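The structure under discussion appears below in the form of structure tokens.
The values are calculated or read from the model by the stated rules, or taken from the named source; none is laboratory data. Keep in mind it's a predicted model, so treat the numbers as computed, not measured. Every residue, glycine among them, receives a Cβ derived from its backbone with ideal geometry; neighbour counts consider all protein chains shown. Quick note on the areas: whole protein, heavy atoms, side chains included, nothing else; ligands and nucleic acids left out. Shrake-Rupley method; radii C 1.70, N 1.55, O 1.52, S 1.80 Å.
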Amino acid sequence: MQEKNVTGQSQNVMVNDDETIDLKKLLFRFLGNWYWFVFCVMIAGGGAYLVNRYARPIYKVGTSVLIEDDKGGSPMKGIFGNSDMTQGFGMFPSLQNFDNQTIIIQSYTQVRNTIKELDFGVSYFAQGKVVSREIYHDSPFKVIIDKKHPQIIGTPFNVHIKKDGTITLSVEAEVARLFDYEADKTVGVKYEFAFSKDLKAGDKLVSPDLAFTIMLNEKFNPNEENNYYFILNTPDQLTKRYRAALSIDPMKKGASLVQISMLSDNPSKAKAFLNKLMEVYLNRNLGKKNQFAKKTIDFIDSQLKSIASSLGESEDKMQSFQSDKKVMDLDFQGQQLLEQLTKLDEEKALFETKMKYYRYLNTYIKSAQNIESIVAPTAMGVEDPLLNKLIVGINELSMKKSELSLNIVRPKEHPMVQRIDAQIQEALSTLKENTGSIIRQTEIGLSDVNRRISDFNLLLKQLPQTTRDYVNIKREYTLNNEIYTFLLQRRSEAQISQASNSPDNEVIDSARVLGGGPVKPTKRINYIIGVMLGLVFPAIIILLKDFFNNKIVTREDIRNITKHPIIGHVFKLPSKIGATVVLDNPQSTESEPFRAIRTRLQFFTKEKTNPVILVTSSFPGEGKTFNAINIASSYALIGKKTILVGCDLRKPRIFDDFGLNNNQGVSNYLIGQKAIKELVQKTKSENLDVITAGPIPPNPSELLADKKMKELIEELKQTYDYVIVDSAPVGLVADTYHIMRHTDTNIFVVRQHYSDKSGLMTCLAEAQENGVSNISILINDVELKKGGYGYGYGYGYGYGYGYGYGDNIEKKTGIRRIFG
């Protein structure tokens, strides 16, 4: 405790800067208000019960998926013979970057495609007495929406189904939105929308604002009537709602097995959504694979179509020539030339096939469209590692852009998408340069083959005409047949690849309720929270009340303000007891505190003869007059000649408490009108006399400062054993300081829950400045029921049952002693 000297001369007035918490005091403070804790615990516990009883149970529904993570972005493997032939039918990376896949699953497009395949457009609810619950497959009716007609969305339509199947439909809403399903947008707002209508099941309800039919199903029970309601939803509303509910978490750190879960009060509906979400997700992955295979097959089919016609014509031409010329085979020289020319023709055909692919590729580059579906070089027998690497890179960037666009509202404006577009354009520019270089090289190779073919054609001209014609016809047939066979082989490989495609990912567990039951409300935790709130709330209120309370409550409050001794405590009395309690009931427990005060006053006046005791307070209403009367009465009870002097000249009260008159008193003596013996009035106690204040003078402070006041005190001391002075409050006027110069001890009365801390501290500081000594504090109006007063003051002194007084006091049990 740090003491601060207020006057500069004494340390009796101080401020407590010690911020430590007295736990014992705090405990008794709480025990004194035990009933508030019990009440709040009961209220909070009741609230927890209602939450547990009526809150909708929330279930966690989840499914587990294995995502084959391919962080290297390698092309998917196929069944083509050479080392990376599969790239021809899997030019896309397998899209298996783990983070990308989790984003795709939660993407707006993915969830919306899922919603489209589910019958979630209408939400059905059963109305209960307290709460309603959503019914998914258990609704006894079905609403069929006419999506060509605008509909009221987001507004509950109340449905009452009677036993005969008649339906009463009603709706009432302050604001209702009108939605066009075909345009997929809100087209209007209705204010104060309400109607009620009876209709039969199957009748179509049509109005400018809605159009739907209500059909009863096998769940309808004709033996009971129930109330329901339904709400029409938009795809966008449902998509946002289910996206927000989705959660994706790895089942183990570093593993590619993830759990996709959501919280829902309707587990059946949640399971249907998650299962469909996985189905759509896997089909998307498989569709991406099949899309490329189909593109490759379509390209080969277009080549087969043109070559098939040429093959048929050359075959017919060869058969006709053999039939007409009666030629079945060639001689040795002709056969050698045919074999050489056939090899050159095959080489030329390969160059031409590659050239067709390069021109096809060049067209795609110029259009910059459908980059994802470029036919792979290996599909057409083009084994160029650099070309293959460039196309793989472009496809990877294109896939990355597609995945990123799924979660972006305006992807073209997003900086990441713009950066990927720039990378794609750069890759396309490089591919264009590389393709141009390859075309030039191919043209050179093709020219060389044509030159060699020309050389052999010169040799062929030296053969007989028939042999030359037959060689040329067979060359054409063999070339077309080889190309046709080559394309058929590639087409067959592409079809096999397409048929063998499967999703990269796998659903391990279908959607199910996790944990076996609801995760909310957690009844035990709710009860614990309720009890904790019931204890914490009143504790906080008590602490805040104490923190902001500037009133005197405990002895510690006084000790933190001053070092002046506390002379005693006077407990709160019932209102029916008068001010003269000691005289009226000297044997009562209410009189006992004044006996204790009288005993302690002996230590303050032991060296004084006929001591003068002044009783004052900081402000009116603190009980100074009441305590002055009963302190004086306590001396009279032990046979001491005592006089009570009323020196509160501004607001006298003593006369009224004793039933005396106030026509003359101290004020008359101070102005020299009356002698002391003329002013003394008797009470019902022979040892107690009273001098009232008398008429209120215009200058009370000046009168009390006059030497006549000292003469009054000195003369009374000659006659009485004790002089008790009731003075004015020192916080309002300075009258009392004039009297204090003539007193032996001064009692400051402080009233619990009433006296102000700062006011008391100021008054005590002023008393020190005026040189007042022998100050003691009396705490008045102490309420034991409030608790917390001086650590449960009341059991240390044993008033009422320790001295043999008050035989009618009720005996208290141990429990009642604690809480009383």
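At a glance:
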{"item": "For segment 662-773, radius of gyration divided by Kirkwood radius, i.e. Rg to Rh on alpha-carbons", "result": "0.98"}
{"item": "Mean Cβ neighbour count within 10 Å, used as a protection proxy, ranking 710-723, 510-523 highest first", "result": "710-723, 510-523"}
{"item": "Ratio Rg/Rh [Cα only; Rh per Kirkwood] for segment 96-188", "result": "1.07"}
{"item": "Neighbour-limited loop hits for trypsin sites (Lys or Arg not before Pro), segment 162-213 (at most 11 other Cβ within 10 Å; DSSP other than H, G, I, E, B)", "result": "K163"}
{"item": "Rounded FRET efficiency, nearest 0.05, which uses the C-beta distance separating V130 from E172 and R0 of 25 Å", "result": "0.75"}
{"item": "Solvent-accessible heavy-atom area per residue, rounded to whole Å², over segment 154-194 at 1.4 Å", "result": "56 Å²"}
{"item": "Value of Rg/Rh across segment 471-574 [Cα atoms, Kirkwood radius]", "result": "1.84"}
{"item": "Accessible carbon and sulfur surface of segment 462-605 relative to its total accessible area, %, 1.4 Å", "result": "56 percent"}
{"item": "For segment 574-699, the fraction of alpha-carbon pairs in successive 10 Å shells from zero, as %", "result": "12, 42, 36, 10, 0"}
{"item": "Rg and Dmax of segment 149-201, Cα atoms only, in Å", "result": "13.1, 39"}
{"item": "Lysines whose Cα lies under 18 Å from that of K641, excluding same-chain neighbours fewer than 8 positions away", "result": "K606, K608, K677, K682, K684, K717"}
{"item": "Peptides 550-556, 681-687 ordered by average Cβ neighbours within 10 Å, highest first", "result": "550-556, 681-687"}
{"item": "Over segment 112-260: Kirkwood hydrodynamic radius from C-alpha pairwise inverse distances, Å", "result": "17.1 Å"}
{"item": "Solvent-accessible area per residue for segment 565-654 (1.4 angstrom probe, square angstrom)", "result": "38 Å²"}
{"item": "Radius, Kirkwood style, for segment 202-252 when every pair of distinct Cα atoms is counted (Å)", "result": "15.4 Å"}
{"item": "Percent carbon-and-sulfur accessible area, segment 143-199, ignoring ligands, DNA and RNA, probe 1.4 Å", "result": "47 percent"}
{"item": "Overall Cα dimensions of segment 524-625, principal axis frame, Å, largest first", "result": "71, 34, 25"}
{"item": "Cα gyration tensor category, rounded, prolate or oblate, for segment 576-649 with a/c compared to 1.5", "result": "oblate"}
{"item": "K677-L573 FRET efficiency (beta carbon distance; Förster radius 30 Å; 0.05 resolution)", "result": "0.30"}
{"item": "Residue-normalised accessible area of segment 202-243, given per residue in Å² at a 1.4 Å probe", "result": "51 Å²"}
